[in-house]
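What follows is one structure encoded as structure tokens, with my remarks underneath.
The values are calculated or read from the model by the stated rules, or taken from the named source; none is laboratory data. Here the structure is a predicted model, which means the values were calculated and not measured. Quick reminder, even Gly has a Cβ in these numbers, built from the backbone with ideal geometry, and neighbours come from all protein chains shown.
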Amino acid sequence: MNKKSTFDFSQLNDDTEGAYGEVLSTECKEQVAAGVQHIIDAVNQYVDHEGTRDTPERVARMYDELLAGYVTDPVRMLNNALFTVEYDEMVIVKDIEYYSMCEHHLIPFFGKAHVGYLPDGKVVGLSKIPRLVDIFARRLQVQERMTQQIADLLNELVKPQGVGVVVEGIHLCAAMRGVKKPNAKMVTSAVLGRFRSDPKTREEFMAHLRRDSGVSF
């Protein structure tokens, strides 16, 4: 086996370099790279050694991007974009694409998130809601938790009359392996405030999601 004893993270030229804050220290990257090297060594006779020569370092650096949500401060991000507005009708941002990593198998799940809220004197800048989704998606996750985290934080920081979040996800742990059902889609929801207590508000939210977006629930 051609096992490396040390790893060099300075020579790779990834397109994502510098795009996100670092999650892993150099020491942690070394540990991740060593783990990936063990996997490659375990299937040594089948792999392309030239193609996988720098794979451990690439994977370790990749996790800085995929797990960037751990080092992004959502409170600071949202507090800088709250505005006082006399508007109390529903605000919805639909079809927010996200990519996350299943904490059980370390392979992706991805799909769309739909986020709505009823303002109570404050609104949040449009771009911040997709960023909020990204903060929680870029972690080791389960979809149920991610859905609730998005709703809870929006509710805590914006203090609206209510919040509704619906997330659709395709999980490669069920598509590539296991039951191997590539068309199975998981749908999760979290509703707070008037979205929970008022059926008409909740139905208005769901009706907006069904309109023009192909959402079937």
Some residue of region 106-113 being in a loop (DSSP other than H, G, I, E, B), within 28 Å of Glu22 (Cβ to Cβ), out of contact with any Asp or Glu (no Cβ under 8 Å at 6 or more places or on another chain) and in contact (Cβ under 8 Å) with a residue 12 or more places away in the chain: yes
Val47 being without any contact (Cβ under 8 Å) to a residue 40 or more places away in the chain, buried (at least 19 other Cβ atoms within 10 Å of the Cβ) and either of a type in the set (A, V, I, L, M) or assigned by TED's automatic domain parsing to the domain that holds Met146 (or both): no
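For region 116-141, which residues satisfy the criterion of being of a type outside the set (A, V, I, L, M) and within 17 Å of the chain's Cα centre (by Cα)?
If the condition is that a residue be of a type outside the set (A, V, I, L, M) and within 17 Å of the chain's Cα centre (by Cα), then Ser127, Lys128, Pro130, Arg131, Asp134, Phe136, Arg138, Arg139, Gln141 are the ones that fit.
Yes/no per residue for (1) surrounded by fewer than 17 Cβ atoms within 10 Å (Cβ to Cβ); (2) within 16 Å of the chain's Cα centre (by Cα); (3) in a loop (DSSP other than H, G, I, E, B); (4) modelled with pLDDT of 90 or more:
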residue	(1), (2), (3), (4)
Lys4	yes, no, yes, no
Asp8	yes, no, yes, no
Gly21	yes, yes, yes, no
Gly35	yes, no, no, yes
Ile40	no, no, no, yes
Thr52	no, no, yes, yes
Glu57	no, no, no, yes
Val75	yes, no, no, no
Ser100	no, yes, no, yes
Listing of strands (runs of 3 or more DSSP E) fully contained in region 122-217 that carry 2 or more residues being of a type in the set (S, T, N, Q), surrounded by fewer than 19 Cβ atoms within 10 Å (Cβ to Cβ) and modelled with pLDDT under 95: none
Residue match in region 89-97 (condition: assigned to a loop (DSSP other than H, G, I, E, B), in contact with a Leu (Cβ under 9 Å, 6 or more places away or on another chain) and either free of Cβ contacts under 8 Å to residues at least 24 places away in the same chain or exposed (fewer than 15 other Cβ atoms within 10 Å of the Cβ) (or both)): yes
Every residue from region 159-187 that is out of contact with any helix residue (DSSP H, G or I) (no Cβ under 7 Å at 6 or more places or on another chain) and touching a residue at least 60 places away in the same chain (Cβ under 8 Å): Ile170, His171, Leu172, Cys173, Met176, Arg177, Lys185
